[in-house]
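Q: I'd like to ask you about the structure that follows.
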Amino acid sequence: MVRNRRLSRVVAGLTGIGLAAALAACGGDSGASDGTVRLWALEDGIVNEVQQASIDRFNEGDRDAEVELQTYGNDPYKERLRTALGSGNPPDIFFNWGGGNLKEYVDAGEVRDLSGLFEDNPDFRDSFIPSVLEVATLDGTAYGVPMRGTQPVVLYYNKAVFEDAGVEPPQTWDDLLSLVETFSGEGITPIALAGTQAWTELMWIEYILDRLAGPEVFQAIRDGDASAWGDPAMVEALTMLRELIDAGGFGDAFQSVDYDAGGASAILARGDAAMHLMGTWEYTNQLSESPEFVEGGDLGWVPFPTIEGGSGDPSNVVGNPANMYSISADSGNAEVGEDYLLEQMASEEYVDELIEIGDVPVVVGIEDKLAETANAEHATWVYDLVLNAQSFQLSWDQDLPSDQATRMLEQLTAVFLGDQTPEGVRRGDVRSVAGRHPIG
């Protein structure tokens, strides 16, 4: 099982002295052009092929410098990028997740303002879904260009299980609670949850808070307002989540279910669980591990339910809007880097290649292309969901500084285990690090 938003490949030898030596070997002075535009990205074989193809097309032109792809494992990449951006010897173009992950570097003055690129090329700007562009727009300034497909979190369900129970997928929170009672009474786990990993639990509070209060409460937290953890809407959201847990929404064995081992996905495919809230990489996982489940038409999907009386727009989604390319403020090849982004990231060739590997690009006007794919029904639905979203919130653990994200996940796990109350979260460790954005 591969969860696309957290690649786990590791590159050996990039720690301690080895990391320092590797950084020194990069060469070049801050702001100097040496004829090479260094593009740093994560290791991912099939995606790297698409990236390299776009670079090859770009390098065929008459350029002052050529783009060169350098890839790294997920964890070594994060540390190497942090060090490089703070050292004055950064890559020219670098992969990132947007949101708070990018904000750390923006606050340190390490990222180039790309607003002019969009203003001078409105057709390029308008080629991307607006809610996705917002992920790399901070205080009205653009710092990134989308370079991957989108992966919203949606509610998957087993159609056969629902049909046998004579029920429909939930449209409202009350519907969901009613379904929990129905499936529990039939000995079926209402909602599959891989509780050994806290990020699977995070999706629930992300959506509940958004449906209750919209994106503003979490945005305040992201922007450093520690008191927002105690916002009444946050406490209410955590209380509703605890009620769902106590009602048996996730059964009584979720703490032992492992996502990386395929546990939650397998439970859904077997019909031992009725629903599963997960990013749209779940579709690919099911197609790979339980193809008969998908090909037989038993895998269904719907948006997260609405909450009566909530002020959040029901079109809002959470998850991974798209990964981004940004340009270092100290790049000596910034203009060539901008040309690469402008010419390639929304080009027909690049979009077609992303679709071919199973991505759902965040470029407008590709409905016909998606309709021709092998999994057109799912791809088109996901695309329309994102296209029509009023807001697309980046996963909280990616949108917060790493230390705060870790403490947040610890507090959330405690809520799921019953070791922390909804009211206690606002007094817990989460707040103690709010607003810190360390660099270097």
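The values are calculated or read from the model by the stated rules, or taken from the named source; none is laboratory data. Everything numeric in this text was worked out from a predicted model, so none of it was measured. Counting neighbours? That spans all protein chains shown, and the Cβs are built from the backbone with ideal geometry, glycine included. What goes into the accessible areas is simple: the full protein's heavy atoms, side chains included, and nothing from ligands, DNA or RNA. Shrake-Rupley method; radii C 1.70, N 1.55, O 1.52, S 1.80 Å.
Q: Percent of Cα-Cα pairs per 5 Å bin, from 0 to the last occupied bin, for the range 228-271, please list those.
A: The distribution over the range 228-271 is 5, 19, 17, 18, 15, 14, 9, 3, 0, given as percents.
Q: Taking the chain as a Gaussian network, where each spring joins two C-alpha atoms under 10 Å apart, which residue of Glu110, Glu186, Glu423 fluctuates the most?
A: Maximum fluctuation in the GNM of the chain, among the listed residues, is at Glu186.
Q: Now a separate question. Enumerate the whole-percent occupancy of each 10 Å bin, from 0 to the last occupied one, for all C-alpha pair distances of the range 59-210.
A: 8, 25, 27, 18, 15, 7, 1
Q: Please check: in the Gaussian network model of the chain (C-alpha springs, under 10 Å), which one of Pro146, Pro321, Pro169 has the largest mean-square fluctuation.
A: Sorting by GNM fluctuation, first place goes to Pro169.
Q: Lys78: which lysines have alpha carbons under 30 Å from its alpha carbon, excluding same-chain residues fewer than 8 sequence positions away?
A: Lys103
Q: Counting only heavy atoms of the protein chains, get the accessible area per residue of the range 279-339 (1.4 Å probe) and round it to a whole Å² value.
A: Numbers: 2100 Å² over 61 residues.
Dividing the accessible area of the range 279-339 by its residue count gives 34 Å².
Q: Now a separate question. For the ranges 204-211, 266-273, what's the packing order if you count other beta-carbon atoms within 10 Å of each residue, average per peptide, and put the highest first? Can you show the working numbers first?
A: Working: 204-211: 25.2, 266-273: 20.2.
My ranking of the peptides, most packed first, is 204-211, 266-273.
Q: Ignoring ligands, DNA and RNA, please state the percent of accessible area on the range 44-187 from carbon and sulfur, probe 1.4 Å. Spell out each step's value before the answer.
A: Numbers: 2230 of 5790 Å².
Using a 1.4 Å probe with all protein chains present, the range 44-187 comes out at 38 percent carbon and sulfur.
Q: Place +1 on the Cβ of every Lys and Arg and -1 on the Cβ of every Asp and Glu in the range 174-227, take the dipole about the Cα centre, and give the residue among Ala194, Ile205, Leu176 whose Cα lies farthest towards its positive end.
A: Ala194
Q: List the lysines whose alpha-carbon lies under 28 Å from that of Lys159, not counting same-chain residues fewer than 8 positions away?
A: By straight Cα distance, Lys159 reaches Lys369.
Q: Sticking with this structure for a sec: Could you give the distance between the Cα centres of the range 37-69 and the range 102-134, to the whole Å?
A: First find each Cα centre; the distance between them is then 20 Å.
Q: Right, here's the next one. Can you give the accessible area per residue of the range 139-210, in Å², using a 1.4 Å probe?
A: 33
Q: Taking the Cα centre of the range 116-272 as origin, sum charge times position over the Cβ atoms of Lys and Arg (+1) and Asp and Glu (-1), and report the length of that vector in debye to the nearest 20.
A: 360
Q: If I compute solvent accessible area with a 1.4 Å probe over the protein chains, what percent of it on the range 288-440 is carbon and sulfur? The partial results should precede the final answer.
A: Details: 2610 of 6290 Å².
Within the range 288-440, the accessible surface is 42 percent carbon and sulfur.
Q: Can you give the charge dipole size of the chain about its Cα centre, rounded to the nearest 20 debye, using +1 on the beta carbon of Lys and Arg and -1 on the beta carbon of Asp and Glu?
A: On the way: 25 positive and 75 negative charges, 291 e Å.
It comes to approximately 1400 debye.
Q: For percent of Cα pairs over 31 Å apart, several values are listed as (1) 36; (2) 57; (3) 41; flag the one computed from this structure.
A: (3)
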